[in-house]
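Enquirer: This is the structure I want to talk about, given as C-alpha cells.
A short reminder: the numbers here are calculations on the coordinates, not readings from a lab. In this text the structure is predicted, and so the values were computed from the model without any measurement. Cβ sites come from the backbone with ideal geometry, for glycine too, and all protein chains shown count toward neighbours.
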Amino acid sequence: MSAFVIDQHHRGVFFEVSDGPSNLEFLSGAVFDYCAATGVTPDRITTSRKDITTKILKRGQLEAAFRDQGTHYVTVWKLVPVGSFEIALYLRPFDRADQRFQTRHVSIISPSPGSAIDQALLALLRSVSEVYPVAHGSAGRYRSIPYASREVMRSTTNVSAIDAGTARRLHEDAMSRGKRATHLRRLYPITIIGPAIWAQLPPMPAFDPMPTVEELGDCKIVTAWPELCDPRDPAFLRGTRALREWLWPYTIQNPADHVDNDPPCVDVAT
C-alpha cells in the first residue's frame with residue numbers, strides 16, 4: 001500500500017534564493033538522490049520549454065533538463081495523486097536585462113510518513129544551500145497536500161481545500177512579497193537563515209527549549225523543535241513563544257504570527 005494512503009501528512013520546504021544554482025550537475029544529482037531516498041518515483045519533469053513523461057526517473061534526464069539554457073524552472077513531480085510529490089527549482093531568469101519582477105524560489109512537497117527530521121531531508125537542505133545564494137527557507141509538516149502546497153508556494157489560489165484562517169494568513173504572506181528577499185516569513189520547526197539576514201540578528205539569548213543552530217553552507221539552520229510540524233501547531237507555538245517574539249522584527253510581520261494573536265491555549269501555562 002502506498003504512503004499516500006497510509007499517511008496524508010506532507011512535508012513542505014521552501015527557499016527564497018537570489019540567483020540560480022552554481023552547480024547544475026550537483027543539484028540534479030541531489031534531487032535524484034532525494035527521490036531515491038524517499039522511495040518516491042516521479043513520473044514527470046516539467047520545464048518552461050516542455051514536459052517529459054517517464055515511468056522511471058533517470059539521472060541523465062534531470063541533468064539534460066537542468067542544462068537546457070532555455071529552461072528557467074524545472075519541476076519534478078508525480079502525476080497521481082496530483083501534487084503528492086513535487087520539487088520546483090528556479091534555474092535562470094526569464095530576462096537577464098530586466099529582473100525586477102523575477103521570482104526565485106525552490107520548493108519541495110513530499111510524503112511525510114513520520115514527523116522525524118530525517119537524513120534525506122537534511123541532505124537535500126544542505127545541497128540546496130551549497131549551490132544557491134539563499135535568503136531564507138523553512139521546513140514543516142502539514143496535514144494534507146493543499147496545506148503544504150499553499151504554504152511553500154505562497155499561492156492564494158485554490159484555497160477551498162484549506163480553512164479560512166489559514167487562507168487569510170497565507171494571503172497576508174502574499175501581500176508582503178516586497179519583503180520576501182530581506183525578511184524571514186516566520187519561525188518554522190526548521191528555519192534556514194541566509195547570511196544577510198543572519199548578520200542583522202542580535203546575539204541569541206537563552207531560550208527554553210534552546211534551538212540548535214548549525215552551519216548550512218553559508219547559512220544557519222535553526223532547529224527550533226525536535227520534530228517537523230505545522231508552524232501553527234499549538235504545542236510548537238507554546239514552546240517557541242519567546243523565540244518567536246525575539247525573531248519578530250526580522251520577519252514579514254504577518255499579524256497572525258504575532259504572539260498576541262496566538263490561539264488561546266498557547267497562553268495557558270504548562
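Enquirer: So, in nm, how far is label residue 196 from label residue 100 when the simple model puts each one 7 Å beyond its Cα toward the Cβ?
Expert: Going by the 7 Å Cα→Cβ label model, 1.8 nm.
Enquirer: Moving to a separate point now. Thinking of the stretch 134-219 as a set of Cα atoms, what percent of all their pairs are more than 22 Å apart? Working shown, then result.
Expert: Values: 1301 of 3655 pairs.
In whole percent, the share of Cα-Cα pairs in the stretch 134-219 beyond 22 Å is 36.
Enquirer: Note the direction-averaged projected area, equal to a quarter of the hull surface, for the Cα convex hull of the stretch 1-150, in nm². Show your work: numbers first, answer last.
Expert: On the way: hull surface 34.4 nm².
If you wrap the Cα atoms of the stretch 1-150 in a convex hull and average its projections, you get 8.6 nm².
Enquirer: Now a separate question. Taking only the alpha-carbon positions of the stretch 7-260 and ignoring solvent, what does the Debye formula give for the base-10 log of I(q)/I(0) at q = 0.07, 0.09, 0.11 Å⁻¹?
Expert: Cα-only, vacuum Debye calculation for the stretch 7-260: -0.22, -0.37, -0.57.
Enquirer: Still on this structure, I have one more. How far is it, in nm, from the label point at residue 37 to the one at residue 256 when both lie 7 Å from their Cα along the line to the Cβ?
Expert: Between residue 37 and residue 256, the label points sit 3.0 nm apart.
Enquirer: Which of 219, 229 has the fewest other C-beta atoms within 10 Å, and how do the rest follow up to the most?
Expert: Working: 219 26, 229 19.
Taking fewest neighbouring Cβ atoms as first place, the list is 229, 219.
Enquirer: Modelling each spin label as a point 7 Å along the Cα-to-Cβ direction, I'd like the residue 22/residue 54 distance in nm, to one decimal.
Expert: Distance between label points: 2.7 nm.
Enquirer: Further, regarding this structure: Among the trypsin sites (Lys or Arg not before Pro) in the stretch 165-270, which ones are in a DSSP loop with at most 14 other Cβ atoms within 10 Å of the Cβ? Mind listing them? All intermediate terms of the calculation are to be shown ahead of the outcome.
Expert: Numbers: sites: 168, 169, 177, 179, 180, 185, 186, 220, 232, 238, 241, 244; in loops: 180, 185, 186, 232.
Sparse-neighbourhood loop trypsin sites (Lys or Arg not before Pro): none present.
Enquirer: Take each of the peptides 196-205, 36-45, average the number of other beta-carbon atoms within 10 Å over its residues, and list them starting from the highest. Before the final figure, lay out the partial values.
Expert: Numbers: 196-205: 11.9, 36-45: 16.8.
Peptide ranking by packing, descending: 36-45, 196-205.
Enquirer: Quote the charge dipole size of the chain about the Cα centre in Debye, to the nearest 20; the model charges only the Cβ of Lys and Arg (+1) and of Asp and Glu (-1). Don't skip to the answer; put the middle values down first.
Expert: Values: 30 positive and 30 negative charges, 147 e Å.
In debye, rounded to 20, the chain gives about 700.
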